[in-house]
Amino acid sequence: MQLFYHQSAESESKFTFNKEESGHIVRVLRKQTGDIIYITNGKGALFPARIIDDRANKVKVALLEAKHHSTRDFSIHIAVAPTKNIKRTEWFVEKAVETGIEKISFFTSRHSERQNIKADRMQKVAIAAMKQSQKTYLPEITGLKSFHDTIRNAKESKKWIAHCISERNRQIAGPVPPASSHIVLIGPEGGFHTDEILEAEQIGFQPVELSPYRLRTETAALNACQWLNYENFNNKR
């Protein structure tokens, strides 16, 4: 099944795709008027839709009956300092969406090597990964904030900070409470400053060890995502 995304699906019963998506539908997939394609709005709904106008720069569709997918009983939020090589951060976003994640946010910290990020570009990467993996939920992507604001605004019930400072007590990544919301902080290439770890711990973040080895930022972020997905799926067995 080839999956398409349109944020207006459901709020509008008929709508038009942009030039890029329209060209893919008509020129690449050879779809034409009367054909059925599948669309998600990124909010859990999957719609079969009939093409009613097959112009290559303005494909118009009419939605048919929707199928709604339920949300997960747990949620994963990875807050990460973007890497100097932005392609590595994009790789993490792509793989995290494929693995399963509810929110990705970005922050700057003492050792950050990147002070800017294009949230709209990350959104495009997330949309492409959602379509490729045939998911119907698009994770929330937020722009760059300070480390302080990120930890102070965290609403999740389980809060984790991953770091490599062996002198500080850390829990080895293992079983987690079922049906919980989680946030994991992943630092920049230079790691967290000890003051940042202390600040996070003081407001309830628990240090966690994701690996006995030193991981790249994007690898640690994906590892955290896989850990929480595995443990929550394991809880259902």
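Within the range 131-237, which strands (runs of 3 or more DSSP E) (wholly inside it) include 3 or more residues that are surrounded by fewer than 17 Cβ atoms within 10 Å (Cβ to Cβ), of a type in the set (S, T, N, Q) and assigned by TED's automatic domain parsing to the domain that holds F92?
On the way: elements: 140-146, 158-162, 181-186, 206-209.
Counting at least 3 such residues, we get no strands (runs of 3 or more DSSP E) at all.
Over 19 Å from E156 (Cβ atoms) and surrounded by fewer than 16 Cβ atoms within 10 Å (Cβ to Cβ): is that true of K43 in this structure? It is true that K43 is over 19 Å from E156 (Cβ atoms) and surrounded by fewer than 16 Cβ atoms within 10 Å (Cβ to Cβ). Residue check: K31 meets all listed conditions (1) part of a loop (DSSP other than H, G, I, E, B); (2) touching a His at 6+ places or on another chain (Cβ under 7 Å); (3) more than 30 Å from K155 (Cα to Cα) but one, namely (2). Scanning the range 116-165 for residues that are out of contact with any helix residue (DSSP H, G or I) (no Cβ under 6 Å at 6 or more places or on another chain), over 30 Å from T194 (Cα atoms) and β-branched (V, I, T) gives I127, T136. Among the criteria (1) within 18 Å of the chain's Cα centre (by Cα); (2) at positive phi, the one I186 does not fulfil is (2).
Scanning for something modelled with pLDDT of 95 or more, over 15 Å from L222 (Cα atoms) and buried (at least 21 other Cβ atoms within 10 Å of the Cβ), does the range 91-98 turn up at least one residue? Steps first, please.
Start the filter on the range 91-98 by keeping residues that are modelled with pLDDT of 95 or more, which leaves 91-98.
Filter again for over 15 Å from L222 (Cα atoms), leaving none.
The answer is no, given that none of the residues of the range 91-98 is modelled with pLDDT of 95 or more, over 15 Å from L222 (Cα atoms) and buried (at least 21 other Cβ atoms within 10 Å of the Cβ).
Would you call A9 more than 22 Å from V97 (Cα to Cα) and aliphatic (A, V, I, L, M)?
Spelling it out, it is not the case that A9 is more than 22 Å from V97 (Cα to Cα) and aliphatic (A, V, I, L, M).
State all residues of the range 95-114 that are closer than 21 Å to N232 by Cα and not hydroxyl-bearing (S, T, Y); if no residue qualifies, say none. Answer for the range 95-114, where residues must be closer than 21 Å to N232 by Cα and not hydroxyl-bearing (S, T, Y): K95, A96, V97, E98, G100, I101, E102, K103, I104.
Listed conditions (1) at pLDDT 95 or above; (2) under 21 Å from M130 (Cβ atoms) are all met by K19, apart from (1).
The values are calculated or read from the model by the stated rules, or taken from the named source; none is laboratory data. Here the structure is a predicted model, which is why all the values come from computation and not from measurement. Cβ atoms come from the backbone with ideal geometry, glycine included; neighbour counts cover every protein chain shown.
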